[in-house]
Amino acid sequence: MYPSKFDYHRPSSVQEAVQILADNPDAKVLAGGHSLIPVMKLRLAAPAALVDIGRIDALQSISRSNGSLRIGACVTYNEIANSADVQAAAPLLAEAAGQIGDRQVRYRGTIGGNLSHADPASDLPAAALALGATLHVAGSGGSRSVSASDFFVDLMMTALQADEILTEVEITAAGAGTGSAYVKFEHPASGYALCGAAAVVTRDAGGSCTGASLCFNGVSATAVSAADAASSLVGSDLSDGAIDSAVSGMSIPDATGDMFASAGYRQELARTLGAQALRTARDRA
Amino acid sequence: MAGESNGAGVFGSSIRRREDPELITGQAKYTDDLQLSGMVYCTILRSDYAHAKINGVDASEAEALDGVIAVYTAKDIEASGVPGGIPVGWLLPDMKIPEHYMLAKDTTRYVGDGVAIVVAEDQYTAHDALDLIYVDYDPRDGVADPKKATEDGAPLVHDEAPNNIAFDWEIGDKEQTDAAFANAAHVASLDIVNNRLIPNAMEPRAALADYNSITGELTLYMTTQNPHIHRLLMSLASLGLPEHKIRVIAPEVGGGFGSKIHHYADEAIAAWASMQVGRPVKWTATRTETYLTDAHGRDHVTHGELAMDADGRFIGLRVDTYAAMGAYLSTFAPAVPTYLYGTLMSGEYDLPAIHCHVYGVFTHTVPVDAYRGAGRPEATFIVERLVDEAARVSGIDPAEIRRRNFVSPDAFPYQTQVALEYDSGNYEGALDKALEAIGYDDFRKEQAAAREEGKFLGIGLSTYIEACGLAPSAVVGSLGAQAGQWESAVVRVHATGKVTVYSGCSGHGQGHETTFAQIVASALGVPYEDIDVIEGDSGVMPHGWGTYGSRSAATGGSAIASAAEKVVDKARTIAAHLLEAAEEDLAFEDGNFFVKGSPDQAQSLPDVALQAYLAHNLPKGIEPALEATSFYDPANFVFPFGTHVAVVEICASTGQVDLKRYLAVDDVGNVINPMIVDGQVHGGIAQGVGQSLYETAVYDDGANLLSGTMLDYAVPKAHFLPSFETDRTVTPCPHNPLGVKGVGEAGTIASPAAVVNAVVDALSPFGVNHIDMPVTSEKVWNAMN
């Protein structure tokens, strides 16, 4: 478990970090290191340089204003899971972050690292997708914003360019009548999601559904939204029957089969966990 | 712990493990913690191919890398003139024994097979250099499945073993068994795959070799369960150094589960490299290397059948097994699916006819060898699954059919049809206790009610027996062992009455320092705190055979008890002289010798020890000092047994198995330290539950190991397991001085069948009669749908 040689940079600002990335095409961004360091130790990755953004102050905080929650890229899972602001404005994200790995992992791993790594079996991508998160990105060409639905391109591939860093995740705070839930079926070895279901529903005063989203980790190459199943719930009373009928015909495109679980079983888990997440979200709405 | 641990009452009390403060505070020194002056590092280039011809190796770039001292291949080892062999230590008749060299010469036979060695100034350079060695491989087809490997046309692992068959072995009476089946009223029949397991000791294997070219002495610190066996094999087969010039030391060893019994190439390579470069050489396996090189366990494909008469009495059992050996015959590999497997086929049952046939099969995989339980979990799984299937086909309750077929308590000694003579037991006693504790009758009602609500509960029994404390030496020798199975001990009482005990066992987590001291405290009547136990150094203690096969208490403990008895005998002679009394008039209580009826005039053991060392006033013919050595060769195996019960609930929508309760009633004979015994049972159960629900080594069709990391291979986590319920019955072993049996493997042997029997019971409404391990959620879901 000895990585190849690499240079190490520890910039103190995002600007400086972006410049180093622009100057070093083989460099990788290091945040919490819980995905990158293991693959380097296995020599599955051998970046020429690491750009450690872990001590850039601007990436460390959680703030809430004007109905919007902003989380810096280097905020850890543990901070997210236990933040009163996140629990109030985006409880789905707190719930998902609290289910990642173990205590040690949650104290080191970061939201920015997680989303940029884009492991489809990790827990945050579906939550970010279901919450309609906006991802703020800085690069040598300036800053831009990418919606979560445009961010996850393919297996461990995102919309980030080589010289760009994810700096902040912005989520519109949950309004009245909104409930959410993250339900996970974990692989016994890795703890990653064989299937993770993230659901958000909103009901009006009469109890009928005015908005729903249902997204999955672990089922295909990226986190994926089951938009048809979710939209079919709008206008319903969110009864168990309505939820069951919404998910019963659901099929996730390009579901993955591997040595852990077949594609068909993952589809089955998606239906089961999807219904479970929707019911819990409804009960919390 | 002073005060609670004096003298005779120490045996049988739950003294806290004296090993633990060092271990849990990180102070203990493992092999990789050791640093020697001038030390360099060795890494090993491993084959990426399951099967390939090596056309050539170009190491010039690696050799040119700054900090690289040398790169070696098999040619260099051959040129050095050492034997270079990695031998097999258990011989079966007509067994094919292909050459196993320290590095692959011209063919690689599994992913992980060693091809080249790098020696470098630091670990990073040693690993960087591996990336700069270019091997010209000519890849060939490989085969990983032990049954498919025997089919005509399967790729051959060794040309000299047609159909990849290493040995063709049987036990029992085929004719008699076939006749029993011809008369059967019912037959239970199952095809069973016993899944391949990867050991996952917490500490990876490591070696630090220090060869002194002036004295010709090699000091080898290594992760070993048996330093003397490694010294012997290093000397005879690998390095050719005289045995007395090799000292093998086991520093703290972080678990083994069998994986550190075996003699591998890697530690021999570190030693050979030290002989070449003239500096201490350290090799430490990466976790990836432990997956690719530690001998795996199990990996059987079996068809088993159990014949019954109309009353559900068992009349015959027959078993056909294809057992993977992997690419080479590892140290004790041939014994595992034969004498540790076929001999257990009678289980706890009075079975009048048994036949077990085994093919040992070469495959393009990591070698397979003893792993916690070694053959006995596989046998127990077959027998206990067949018994449950017999209950199903005959319509008899699983508890009742067991009761009907147990060897009865008055039938001991009981001679099985497969060589073993069980010395003692009360199988129904353990079953009754377990059924009562679990509430068996109530459970059946609860199960029926739950099914009405669409909930699937199941209960599974495993009424197991195992044979451990492998012995006696003459018997294991006649079966093919190239080793003895006695054990040694030295009990040395110092002049002040303090005691040092040397054992030929070599603990690596078992708690010997505590339990062995308890034995001596009890035997000598001296305070527990006054006794130290030393193990694991071939330069310090007499020859011993190490720790594996649940042997340490039964053989090593008995050796210690015998040596202690000799000490007491000598001390009695001296005490009688000092008290001017006849020996036969002396009593020995709580460490004091006195004339019966006159306890006030006593000579304590420390008093006697001081006189023994001063030697100013010893009886005629008595040598000075007070110590004794014992080489204890047991009269028979020991036979722990018991009943384990698992209760599961299956999630109807995902198929996930929730292990709700696990109860174990074990009979391990007399118990030296109940807390340590419970700990062993807990660990064993966890490991067996791991096999039954989570763990499996997966090879693809090309024999590539897919489950090569901890991300892929599921070792059970604490939160997967319920709080175990444990209880005991006590049937002392009749043939050793302590009345103890073994406990290290019992949990691993019993639990897979209990868990799978429970799952199959839960799924009985779906007509399921077997699911192969690991019982994953998907397999269960498929069975339900």
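Would you rank B:LYS53, B:LYS29 by solvent-accessible area, highest first, keeping every protein chain in place and using a 1.4 Å probe?
The ranking, largest first, comes out as B:LYS29, B:LYS53.
Mind checking the per residue accessible area of the stretch B:190-261 for me, 1.4 Å probe, whole number of Å²?
Accessible area per residue: 30 Å².
Sort B:558-567, B:140-149, A:144-153 for me by packing, meaning the mean count of neighbouring Cβ atoms within 10 Å per residue, highest on top.
The packing order, highest mean first, is B:558-567, B:140-149, A:144-153.
Non-local amide H neighbours of A:LYS28 (under 5 Å, H modeled in plane, Pro and chain starts lacking H): which ones?
Answer set, sorted by chain and number: A:ALA49, A:LEU50, A:VAL51.
Rounded if a/c is under 1.5, else prolate if a/b beats b/c, else oblate: with a ≥ b ≥ c from the C-alpha gyration tensor eigenvalues square-rooted, which is the stretch B:269-366?
prolate
Taking Cα pairs under 8 Å and at least six residues apart, what relative contact order does chain B come out at, in percent?
Result for chain B is 16 percent.
Roll a 1.4 Å probe over the protein chains and send me the accessible area per residue for chain A in Å².
41
According to the square roots a ≥ b ≥ c of the eigenvalues of the Cα gyration tensor, what is the shape class of chain B, taking rounded for a/c under 1.5, prolate for a/b larger than b/c otherwise, and oblate for the remainder?
oblate
For the protein assembly as shown, what percent of Cα pairs sit more than 43 Å apart?
Value for the protein assembly as shown (Cα pairs over 43 Å): 46 percent.
Could you tell me the calculated FRET efficiency between A:ALA88 and A:SER13, based on Cβ-Cβ distance and R0 = 30 angstrom, to the nearest 0.05?
The formula returns an efficiency of 0.50 here.
Given a 1.4 Å probe and heavy atoms of the protein chains only, how would you sort B:GLU151, A:GLU170, largest accessible area at the top?
Descending order: B:GLU151, A:GLU170.
So which aspartates and glutamates can B:LYS570 reach, going by Cα to Cα under 20 Å and dropping same-chain residues fewer than 8 places off?
Within the straight-line limit of under 20 Å, B:LYS570 reaches these aspartates and glutamates: B:ASP530, B:GLU580, B:GLU583, B:GLU584, B:ASP585, B:GLU589, B:ASP590, B:ASP607, B:GLU623, B:GLU627.
Find the relative contact order for chain A and round it to a whole percent, using C-alpha pairs within less than 8 Å whose residues are 6+ positions apart.
16
Compute the Cα gyration tensor for the stretch A:155-217, then decide on rounded, prolate or oblate, letting a ≥ b ≥ c be the square roots of its eigenvalues: rounded whenever a/c is under 1.5, prolate when a/b is larger than b/c in the other cases, and oblate in all that remain.
Taking the square roots of the gyration eigenvalues as a ≥ b ≥ c, the stretch A:155-217 is oblate.
Which residues of the stretch B:697-714 show a drop of at least 40 Å² in accessible area when all protein chains are present, compared with their chain alone (probe radius 1.4 Å, heavy atoms only, ligands and nucleic acids excluded)?
Buried by 40 Å² or more upon assembly, which counts only protein chains, are B:LEU711, B:ASP712.
Going 7 Å from the Cα of A:ASP23 along its beta-carbon direction, which residues of the stretch A:32-50 have the amide nitrogen within less than 15 Å of the resulting point?
Residues A:49-50 fall inside that zone.
Quick one: order B:TRP90, B:TRP781 from most to least accessible surface, probe 1.4 Å.
So the residues, ranked largest to smallest area, are B:TRP781, B:TRP90.
Take every residue in peptide B:122-131, count the Cβ atoms of other chains within 10 Å of its Cβ, and give the average of those counts.
The shielding value for this peptide is 3.
Pop out the carbon and sulfur fraction of the accessible area of the protein assembly as shown as a percent, whole number, probe 1.4 Å.
48
Can you tally the net charge around B:ILE246? Count Lys and Arg as +1, Asp and Glu as -1, for every other residue whose Cβ sits under 10 Å from the Cβ of B:ILE246.
In short, +1.
For the interface of B with A, what's the total buried accessible surface in square angstrom, probe 1.4 angstrom, rounded to the nearest hundred?
By this definition, chains B and A bury close to 2000 Å².
How charged is the neighbourhood of A:ALA45? Take every other residue with its Cβ under 12 Å from the Cβ of A:ALA45, and add Lys/Arg as +1 and Asp/Glu as -1.
Neighbour charge sum, excluding A:ALA45 itself: +2.
For B:MET710, put the label point 7 Å out on the Cα→Cβ axis and report which residues of the stretch A:156-193 keep their amide N under 13 Å from it.
Within reach of a label on B:MET710: A:189-191.
More than 24 angstrom separation, counting every C-alpha pair in the stretch A:57-172; what % is that?
Result: 16 percent of Cα pairs exceed 24 Å.
Between A:ASP52 and B:ASP701, take the C-beta separation as r, use R0 = 45 Å, and let me know the FRET efficiency to the nearest 0.05.
The formula returns an efficiency of 0.60 here.
Just subtract the alpha-carbon distance of B:GLU78 and B:LYS498 from 0.36 nm times their residue separation and send over the number in nm, one decimal.
146.2 nm
Based on the Cβ-Cβ distance from B:ALA411 to B:ASP191, what FRET efficiency comes out when R0 is 22 Å, to the nearest 0.05?
Computed FRET efficiency for B:ALA411 and B:ASP191 comes out at 0.10.
Given labels modelled 7 Å from the Cα in the Cβ direction, how far is it in nm from B:ASP442 to A:ALA221?
5.6
How well do other chains shield peptide A:185-194, expressed as the mean number of their Cβ atoms within 10 Å of each residue Cβ?
5
Can you give the convex hull volume of the alpha carbon atoms of the stretch B:537-599 per residue, in Å³?
Per-residue hull volume (Cα only) is 113 Å³.
For chain A, build the convex hull from the C-alpha positions and give me its volume per residue in Å³.
120
Pop out a list of residues from the stretch B:630-658 that are at least 40 Å² less accessible with all the protein chains around than in their chain alone; 1.4 Å probe, no ligands or nucleic acids counted.
In the stretch B:630-658, residues shielded by partner chains: B:THR654.
What helices does chain B hold that run 20 Å or longer along their axis, going by alpha-carbon atoms, with a Kyte-Doolittle average of 0.5 or more, using DSSP H for the helix calls?
B:558-579, B:674-689, B:746-762
Can you compute the label reach from B:ALA449? Point 7 Å from Cα along the Cβ direction, backbone N cut-off under 19 Å, restricted to the stretch B:745-764.
B:762
What spacing in nm lies between the two simple spin-label points modelled at B:GLN35 and B:ASP48, each 7 Å away from Cα in the Cβ direction?
3.5
Which order do the peptides A:60-68, A:89-97 come out in when sorted by mean C-beta neighbours inside 10 angstrom, highest first?
A:89-97, A:60-68
Cα-Cα over 26 Å: which of B:LYS29/B:LYS282; B:LYS148/B:LYS717; B:LYS29/B:LYS566?
B:LYS148/B:LYS717; B:LYS29/B:LYS566
Divide the volume of the convex hull of the Cα atoms of the stretch B:487-556 by its number of residues and quote the answer in cubic angstrom per residue.
78
With each pseudo-label sitting 7 Å past Cα toward Cβ, what's the B:GLU421-B:ARG404 distance in nm, one decimal?
In this crude spin-label approximation the distance works out to 3.1 nm.
If ligands, DNA and RNA are left out, what is the accessible area of B:PHE631 with a 1.4 Å probe, given in Å² to the nearest 10?
In the full protein context, B:PHE631 sits at about 120 Å².
Beyond 24 Å, what share of the Cα-Cα pairs of the stretch A:178-284 remains, rounded to the nearest whole percent?
Counting every Cα pair in the stretch A:178-284, those more than 24 Å apart make up 20 percent.
Could you work out how much longer the chain between B:ASP309 and B:THR25 gets when fully extended? Use 0.36 nm per residue separation minus the Cα distance between them, nm to one decimal.
Extra length available between B:ASP309 and B:THR25 comes to 96.3 nm.
The values are calculated or read from the model by the stated rules, or taken from the named source; none is laboratory data. From a predicted model like this one, the values you see are computed outputs, not experimental measurements. Every residue, glycine as well, gets a Cβ built from its backbone with ideal geometry; the counts of neighbours run over all protein chains shown. Accessible surface areas use protein heavy atoms only, side chains included; no ligands, DNA or RNA. Shrake-Rupley method; radii C 1.70, N 1.55, O 1.52, S 1.80 Å.
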